[in-house]
Amino acid sequence: MLKTIHVEIDPTGHIQALEPIMFKLEGKALLTLLESDANEESDATLTETKGSVSRTLRLLASPRFQHRPRANLEEVQRRIFAIRDEWNND
């Protein structure tokens, strides 16, 4: 089975995966080199794509996230049951 991962190759030839690798690294591989953009800004956008681990970690560490409002579990359950009952009564 073919699998594709996004990697970055530094000037010394070392390969760094830019996403988690969820399979065993073993076997053969083909390497396709993409044209390198002289603009470092585009490299930053590649590593800041949706679902990026670095963005998630920054969010979790941010003061805004740390001080977010917390829901009352009992109130949430009451609202769920009320909506569920309303659905069943229609």
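When each of 47, 56, 4 is tested for being at pLDDT below 85, surrounded by fewer than 10 Cβ atoms within 10 Å (Cβ to Cβ) and of a type outside the set (Asp, Glu), the lone residue that passes is 4. Take the conditions (1) of a type outside the set (Gly, Ala, Ser); (2) loosely packed, with under 10 Cβ neighbours inside 10 Å; (3) closer than 19 Å to residue 3 by Cβ; (4) at pLDDT 80 or above; residue 34 misses just one of them, which is (4). Listed by position, the helices (runs of 4 or more DSSP H) inside the range 49-90 whose residues that are more than 30 Å from residue 19 (Cβ to Cβ) and free of Cβ contacts under 8 Å to residues at least 12 places away in the same chain number at least 1 are 73-89. Of the residues making up the range 6-38, those that are assigned to a loop (DSSP other than H, G, I, E, B) and of a type in the set (Val, Ile, Thr) are 12, 21, 32.
The values are calculated or read from the model by the stated rules, or taken from the named source; none is laboratory data. Everything quoted here is computed from the prediction, not taken from an experiment. For neighbour counting, all protein chains shown are included, and Cβ atoms are generated from backbone atoms with ideal geometry for every residue, glycine included.
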